[in-house]
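Read-outs: derived from the displayed coordinates by stated rules, not from any lab. This is a predicted model, so every value here is computed, not measured. Heads up, the Cβs are rebuilt from the backbone with ideal geometry, glycines too, and the neighbour counts pull from every protein chain shown.
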4 protein chains.
Amino acid sequence: MQKITILIHCEDQKGIIAAVTNFILKIEGNIIYIDQHVDVEQNEFFMRLECELTNKEIGLASIQNDFHQTIVQDFNMSWEIYTKDQKPRMALFVSKYDHCLFDILGRYSAGELNVEIPLIVSNHEDLRSIAERFNIPFHYIPFTKENKAEGEQQQIELLKEYGIDFIVLARYMQIITPNLIALYENKIINIHHSFLPAFPGAKPYHSAFKRGVKIIGATSHYVTQELDEGPIIEQDITRVSHINSIEDFIMKGRDLERIVLARAIKLHSERKTMVFSNKTVVFS
Amino acid sequence: MQKITILIHCEDQKGIIAAVTNFILKIEGNIIYIDQHVDVEQNEFFMRLECELTNKEIGLASIQNDFHQTIVQDFNMSWEIYTKDQKPRMALFVSKYDHCLFDILGRYSAGELNVEIPLIVSNHEDLRSIAERFNIPFHYIPFTKENKAEGEQQQIELLKEYGIDFIVLARYMQIITPNLIALYENKIINIHHSFLPAFPGAKPYHSAFKRGVKIIGATSHYVTQELDEGPIIEQDITRVSHINSIEDFIMKGRDLERIVLARAIKLHSERKTMVFSNKTVVFS
Amino acid sequence: MQKITILIHCEDQKGIIAAVTNFILKIEGNIIYIDQHVDVEQNEFFMRLECELTNKEIGLASIQNDFHQTIVQDFNMSWEIYTKDQKPRMALFVSKYDHCLFDILGRYSAGELNVEIPLIVSNHEDLRSIAERFNIPFHYIPFTKENKAEGEQQQIELLKEYGIDFIVLARYMQIITPNLIALYENKIINIHHSFLPAFPGAKPYHSAFKRGVKIIGATSHYVTQELDEGPIIEQDITRVSHINSIEDFIMKGRDLERIVLARAIKLHSERKTMVFSNKTVVFS
Amino acid sequence: MQKITILIHCEDQKGIIAAVTNFILKIEGNIIYIDQHVDVEQNEFFMRLECELTNKEIGLASIQNDFHQTIVQDFNMSWEIYTKDQKPRMALFVSKYDHCLFDILGRYSAGELNVEIPLIVSNHEDLRSIAERFNIPFHYIPFTKENKAEGEQQQIELLKEYGIDFIVLARYMQIITPNLIALYENKIINIHHSFLPAFPGAKPYHSAFKRGVKIIGATSHYVTQELDEGPIIEQDITRVSHINSIEDFIMKGRDLERIVLARAIKLHSERKTMVFSNKTVVFS
């Protein structure tokens, strides 16, 4: 049985849910999941819907076409429809830290992630051996002040060549260029090692230690032009105390970074996130 | 503008959501919240829906009648429709522990709970002064092995007299009788001071201490004939360590009991819980 | 049997623990709790010690005197010794929010707090009736731009009159004056309704909502001249999501504020906190 | 500078701390960490102490000898002294689940664990390729009802041959034999995929799902003769809801298992755990 996922976003108005559910009924679908969100302040409507199609004759293109003609124009709707077996293709960007890379590749090898990982990009050679251990192509693209334009060009070509749908920065220690952000809008996931908006920028564990906080955090978010200001996907925290050194903060933080980044990858790859007004709607 | 909440439960089948959302459209309602759940294993369908009605002419009875005739029979559905301004009436049952009582009455006085509390029942006189401090009628009903039938009779009469919709056992230390449970099926909320199903019955903190657990919990659940076996509404936990004595467990547990019971009251009073197969569906 | 608590702070150096434990042995004490902390970066030493004295003849003054002469000068130590039965006297400062007040007074009435609360001070009359319900003197001291000096004077006189040891700001919505802060250095506890250092100042829930965070927090800290910059005593957090409105943030935050403030009161009143370099050492 | 860690356990009595800290003073040590615990009920004393030795001439054997003669007999003490650079040697036992194995080997490769892992043992061949990817010897020892004695013999020989200090069962799906447990008393760490003592034995996620819990957990503990009844080292939990299937429970549980097992390995390898009366003292 074919399963499809529909994501919808439009201005809130009467009758959207009725129209969409009638459409599902028409194509002989059985809704197994529906969730919606109304942003009352901004009058925006969001919906995520999963359904099973008993009629095997109907293809995805035909559904998309039908959906477009029947509903989309009436409601001035932006929308996406996926079949469940389309695994998104994900590129990993890394630098020198290996703990998130090990964690993601371990999960990937264990079959926990609904993605293909055809490509690892790095501005250093350090982690090549890990990529090789997991049999994933590793591309070294140096990235310095001097070669930004060239580096970006190489990145973009590789992403196209490998048909990449979204990018994960697994502690990649370089600013992403505006062109790349524009190409992958709301499709570049970063892990920041603090509880944003506290401690943006460099060395957040050092700042947290200095401030004497009792809890540290990690934040995964979509990358935008403003550093560490993009829409937050997921956050989590862990307790620290006066007995913990900066090294302890960093060590405890590694577990947070791993978990929070893995959850964001999972949510994005299962098409459970939508972005509006620099915030995310995250369907559970 | 009138707001109504609809709860629906029936066998899963095609077209339910379409039928219900078409109904809302017909009565000129605007859906501001819809959530549904399909229990795939058992093929059961649950839905909770909130909508605003722009047409002020339509009354609750008329909606209920219309809903019943239009939809209910087609789907063999059990359902409830409430207007948002109907506050459920809640009775508090207490014994000698005062911390949950103080917490609930503090929240009630601070306007945090969407309930009326017209009645406190106790099998001891100890907490009368607290009830009086908050100006709530306090009824002492002794309850011993010898007077069970009589005690139950008095309880039931009081509950009727005060028009009680649901009961909260705020560390009430007596077994509830089968008749009362039958009268208030899935409408009696208990707080148990352990992470059920670990440590049911008496003295759970002592058992947890003896076992050397690193985390203790509290559980709110609907009361059924089987002690501490009813559908779980909410649970939470807190960390303990070897430095904590049984007295520390009890003290830390008090905070858990307060919070977990308060959340259950909030969920129940806002009609966010449904029960099936000894489990709860808790809409967020 | 008499129980005493000793707090020590000095530069880190060899032999401190040996000296102190030898002292305890000399006065026939049995150590039931010892915890120490070395701030390696700053070379500072902190210790907290509880012991039981079998010899009933020895009084607190004599121990203090002996301790001073035997040890303090050798190590250039700052120190405090308390007997366990000295309950600190705490003043509550409130404005219009009642939830923290209800919570603290409920806990106090239930015997959970090791303090005396002889005094509630407010810059509004709104919460007088709650104070009366719990039989605690309520003093209305208006506090505006115009009468700051006078208001501060009244506050200080009351605190002296009632022999107040420390102050708790239970959502008191006025800046504390520098003179009062100087008089009660590291003895004024505030609850801030955000996960500091994120969202200091006014309306943190609104800022958190706007930023789209997935977790909100509350922070209790000692009050210093810099607003919301004082040493953090305790923090905690709770999850939020896109479905939560600002009102939900505020409601969920109330539970955090209650719990985090109550924990800070407990820690301070049991002499488990020490302050150095704008950070706290919190012994468990 | 040499660092040593001392663990002590004896009946509680006056003067222990003074005696030990005087000893440290005598060998010109500087205490950088001291923590102790008194089990008041059972009158047992536990201590963990770290110190730096400025005198490079003194060797570990000499300290141990001196300590034994000076202190141990007076207090009838059991004790251990380690130098910080002695990494314990750890064997991994696995079956078919790979997620804990990937996690531990990832952490090990990233330098997060203070252990040597010279050996992986399995009753299946499935995970050999992962071991090879990380260059760790993998030994297949079939283990069935029929060959228990032989299997145990092979295990014990391998453990001796590789000089193994402690064993980690990373979802090893076979009962450990009494002989092996006796040889490695309080040195075999298991991860159980439930919040013990709830749901011991097989299929805990299924049982948790059936019971309708709102929180699931994982528990790491030392293995004893009684299945899932050994001293608990660490536990953690995560929230679930009615929307989660058994498959979701299992997937969420994997993250718990990874984290809780990794923490237990860290605590054990840093000599922060002590066992008494089927409970652990876990120094932070």
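Using a 7 Å projection from Cα along Cα-to-Cβ, the label point at residue C:111 is separated from the same position in the remaining copies by 3.5, 5.6, 5.8 nm, smallest value first. Taking amide hydrogens as placed 1.01 Å from N in the peptide plane, the amide H of residue D:139 sits under 5 Å from those of D:120, D:121, D:122, each at least 5 positions away in sequence or on another chain. Short-range pairs are left out: with C-alpha atoms under 8 Å and at least six residues apart, the relative contact order of chain C is 14 percent.
Comparing D:210, D:96, D:272 in a Gaussian network model of chain D (Cα springs below 10 Å), the most mobile by mean-square fluctuation is D:210. For region D:109-117, backbone phi angles converted through the Karplus equation (6.51, -1.76, 1.60; θ = phi - 60°) give residue-by-residue couplings of 5, 7, x, 8, 10, 7, 9, 9, 10 Hz, Gly and Pro being listed as x. Computed from backbone phi, the HN-Hα couplings of region B:99-108 come to 5, 5, 4, 4, 5, 5, 5, x, 5, 4 Hz, rounded to whole numbers (Karplus: 6.51 cos²θ - 1.76 cosθ + 1.60, θ = phi - 60°; Gly and Pro given as x). For the protein assembly as shown, the convex hull drawn through the C-alpha positions has a volume of 209 cubic angstrom per residue. When residue B:244 is represented by a point 7 angstrom out along its Cα-to-C-beta vector, the spacings to that point in the other copies are 1.9, 2.1, 2.3 nm, nearest first.
Put simply, the Cα atoms of region A:2-83 extend 42, 24, 19 Å along their principal axes, the longest span coming first. Computed 3J(HN,Hα) for region C:13-27, one whole-Hz value per residue from the Karplus formula 6.51 cos²θ - 1.76 cosθ + 1.60 where θ = phi - 60°, is 6, 5, x, 4, 4, 4, 4, 5, 5, 5, 4, 4, 4, 4, 8, glycine and proline marked x.
For chain A, modelled as a GNM whose springs connect Cα atoms under 10 angstrom apart, the maximal fluctuation among A:228, A:165, A:66 occurs at A:66. Given chain B, report the % of alpha carbon pairs whose separation exceeds 28 Å. Pairs farther apart than 28 Å: 44 percent. With the Cα gyration tensor of region A:108-168 giving a ≥ b ≥ c as the square roots of its eigenvalues, does the rule (a/c under 1.5 for rounded; else a/b larger than b/c for prolate; else oblate) give rounded, prolate or oblate? Oblate shape, in that a/c is at least 1.5 and b/c is the bigger or equal ratio.
Calculated on C-alpha atoms, the gyration radius of region A:1-144 divided by its Kirkwood radius gives an Rg/Rh of 1.13.
For chain B, a Gaussian network of Cα nodes joined below 10 Å ranks B:207, B:62, B:95 by mean-square fluctuation, and the top entry is B:62. Copy B relates to copy A by a rotation, and the B residue whose beta-carbon is nearest that axis, with the distance in whole angstrom, is B:21, 3.
Given H placed 1.01 Å from N in the peptide plane, which residues other than close sequence neighbours of residue A:242 have an amide H under 5 Å from its amide H? Here C:282 satisfy the definition. Backbone amide hydrogens, once placed in the peptide plane, bring residue B:33 within less than 5 Å of B:50, excluding anything fewer than 5 places away on its chain. If both residues of a DSSP beta bridge must be in the protein assembly as shown, then about 75% of such bridges are antiparallel. Remark: label point of residue D:78 defined 7 Å out from Cα along the Cα-Cβ vector; separations to the same position in other copies 4.3, 5.7, 6.6 nm, ascending.
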